[in-house]
Amino acid sequence: MTCFPLLPIASLDVCVSHHPEGANPKLGIGGAAYSPIQLHIFLDANNSYVATAIKQELPAVLAHEMHHCARMQTNTDEETLAGKLVIEGLACKFETEITGERLPSFISPALMDQCGSHWQAAQELLDSKEFCMQSWFHGEAPNQMPNYLGYALGLSLTEKYLSLVDQTAAQAYAVPTNEVISVLLNAETGSANW
């Protein structure tokens, strides 16, 4: 499956560079979307897995970052924890829609199982811009939150939302964060049910 017919992206600049700091250390590849028309793919050319990562992970990384580019066209509400959970969750879900995998390769089933135990802490910070992105998404405080928790929690939330509204991540690229959270909280009468 290809991304372009599914997302409203007319043109896109993709920059690929050797940038170990931007690559997932285990995979040797990573990415970032900088605008609705520009994304970067970061490779660690010295990583022993990089050749395999290009074959196996590049489609997922491109899909993930392309979803961010599409979302950037319409949404500006991504600075709160809720916004980050939704943008990353939808991008992770789109990644799986493209690859056919159940989960992105960096999210384990065991991590998905932990989402429920962290939902209460997340609910208290949903509207906050005062949260630690590195802790929630990159395991900076592993004794409190596992690495990639924010991605897993975002994926779990957006999968529930998409199921309730009968849409794909591609179709929901522009959904406002507050709509996702409102639908979830109303459907679960105030708390997500894991």
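Quick test of your reading of the structure: ALA169 fulfils all but one of (1) in a loop (DSSP other than H, G, I, E, B); (2) over 20 Å from HIS68 (Cα atoms); (3) among the hydrophobic types (A, V, I, L, M, F, W, C). Name the failing condition by number.
Failing condition for ALA169: (2).
Inside region 147-175, can you point out the residues that are closer than 21 Å to THR99 by Cα, surrounded by 15 or more Cβ atoms within 10 Å (Cβ to Cβ) and β-branched (Val, Ile, Thr)?
The one that is closer than 21 Å to THR99 by Cα, surrounded by 15 or more Cβ atoms within 10 Å (Cβ to Cβ) and β-branched (Val, Ile, Thr): THR158.
Within region 144-152, does at least one residue satisfy the condition of being modelled with pLDDT under 90 and not in a helix (DSSP H, G or I)?
Yes, region 144-152 contains at least one residue that is modelled with pLDDT under 90 and not in a helix (DSSP H, G or I).
Mind checking whether some residue in region 89-97 is modelled with pLDDT under 95 and touching an Asp or Glu at 6+ places or on another chain (Cβ under 7 Å)?
Scanning region 89-97 turns up no residue that is modelled with pLDDT under 95 and touching an Asp or Glu at 6+ places or on another chain (Cβ under 7 Å).
Out of the residues in region 175-194 that are hydroxyl-bearing (Ser, Thr, Tyr) and farther than 20 Å from ALA70 by Cβ, state the one that is modelled with the highest pLDDT.
SER182
Which one of these is of a type outside the set (Gly, Ala, Ser), exposed (fewer than 14 other Cβ atoms within 10 Å of the Cβ) and touching a residue at least 60 places away in the same chain (Cβ under 8 Å): GLN144, GLN120, GLN134?
Selected residue: GLN120, the only one of GLN144, GLN120, GLN134 that is of a type outside the set (Gly, Ala, Ser), exposed (fewer than 14 other Cβ atoms within 10 Å of the Cβ) and touching a residue at least 60 places away in the same chain (Cβ under 8 Å).
Can you pull out the residues in region 1-43 that are among the β-branched types (Val, Ile, Thr) and buried (at least 16 other Cβ atoms within 10 Å of the Cβ)?
Matches in region 1-43: ILE9, ILE29, ILE41.
Would you please list the contacts, defined by Cβ atoms under 7 Å and residues six or more apart or on different chains, that run from a residue in region 29-40 that is in the same structural domain as GLU65 (by TED's automatic domain parsing) to a residue that is crowded, with 16+ Cβ neighbours inside 10 Å and assigned to a loop (DSSP other than H, G, I, E, B)?
From residues that are in the same structural domain as GLU65 (by TED's automatic domain parsing), the pairs are ILE29/ALA23; ILE29/GLU57; GLY30/ALA23; GLY30/ASN24; ILE37/LEU12; LEU39/LEU12.
Assess whether ALA174 counts as being in a helix (DSSP H, G or I) and not assigned by TED's automatic domain parsing to the domain that holds ASN24.
No, not satisfied.
Under 7 Å between Cβ atoms, at least 6 apart or on separate chains: pull out the pairs that start in region 1-14 with a residue that is in the same structural domain as ILE37 (by TED's automatic domain parsing) and end on any residue that is in a strand (DSSP E or B).
Matching pairs, first to second residue: LEU12/LEU39; ASP13/GLN38; VAL14/LEU39; VAL14/ILE41.
Residue-wise test of (1) part of a loop (DSSP other than H, G, I, E, B); (2) in the same structural domain as SER156 (by TED's automatic domain parsing); (3) surrounded by 14 or more Cβ atoms within 10 Å (Cβ to Cβ).
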| residue | (1), (2), (3) |
| --- | --- |
| LYS55 | no, no, no |
| HIS67 | no, no, yes |
| GLY89 | no, yes, yes |
| ARG102 | yes, yes, no |
| ILE107 | yes, yes, yes |
| MET112 | no, yes, yes |
| CYS115 | no, yes, yes |
| GLU130 | yes, yes, no |
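The values are calculated or read from the model by the stated rules, or taken from the named source; none is laboratory data. Keep in mind it's a predicted model, so treat the numbers as computed, not measured. Here Cβ is always computed from backbone atoms with ideal geometry, including for glycine, and neighbour counts include all displayed protein chains.
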